[in-house]
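Below is one structure, written out as structure tokens, with a few remarks after it.
The values are calculated or read from the model by the stated rules, or taken from the named source; none is laboratory data. As the structure is a prediction and not an experimental result, all values here were calculated from the model. Methodologically, a virtual Cβ is constructed for each residue, glycine included, from the backbone with ideal geometry; neighbour enumeration extends over all protein chains shown.
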């Protein structure tokens with residue numbers, strides 16, 4: 001679960017940093033009143049990379065899995081609201097459920113505790 005979530009978060013995060021214009025169409029329109037859309041996407045990408053690396057390393061794993069769940073929940077709600085229920089929502093819902101499963105997992109295998 002950790003490896004799968006980490007690969008998705010780090011991979012998409014890097015893609016958002018490198019090509020923010022590709023992802024800009026998924027950002028709700030009201031964000032443009034507060035911040036440039038490409039800037040928001042790049043910041044979002046940095047957050048995804050940080051969370052993904054922490055999940056991979058097992059650093060604050062439960063907290064990072066909860067943060068990942070909240071990120072994915074916001075994406076699922078936003079995409080559903082603005083674009084309707086579609087294949088992207090299904091994919092992101094699966095990632096949300098993966099993050100939630102990791103957040104509720106009790107195993108300590110390779111987890112770094114602080």
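Brief remarks on what is shown
- Single residue of 51, 66 found to be within 18 Å of residue 23 (Cβ to Cβ) and at pLDDT 95 or above: 51
- Within the stretch 61-78, one or more residues are touching a strand residue (DSSP E or B) at 6+ places or on another chain (Cβ under 8 Å) and either crowded, with 17+ Cβ neighbours inside 10 Å or free of Cβ contacts under 8 Å to residues at least 24 places away in the same chain (or both).
- Test: residue in the stretch 26-46 that is in contact with a helix residue (DSSP H, G or I) (Cβ under 7 Å, 6 or more places away or on another chain), within 16 Å of residue 6 (Cα to Cα), surrounded by 18 or more Cβ atoms within 10 Å (Cβ to Cβ) and at pLDDT below 95: no
- One residue from 12, 50 being surrounded by fewer than 19 Cβ atoms within 10 Å (Cβ to Cβ) and over 24 Å from residue 80 (Cα atoms): 50
- Residue-level analysis places residue 55 outside the set of residues that are more than 15 Å from residue 7 (Cα to Cα) and buried (at least 19 other Cβ atoms within 10 Å of the Cβ).
- Among the residues of the stretch 33-60, those that are touching a residue at least 40 places away in the same chain (Cβ under 8 Å) and either farther than 20 Å from residue 14 by Cβ or touching a strand residue (DSSP E or B) at 6+ places or on another chain (Cβ under 9 Å) (or both) comprise 53, 57, 58, 59, 60.
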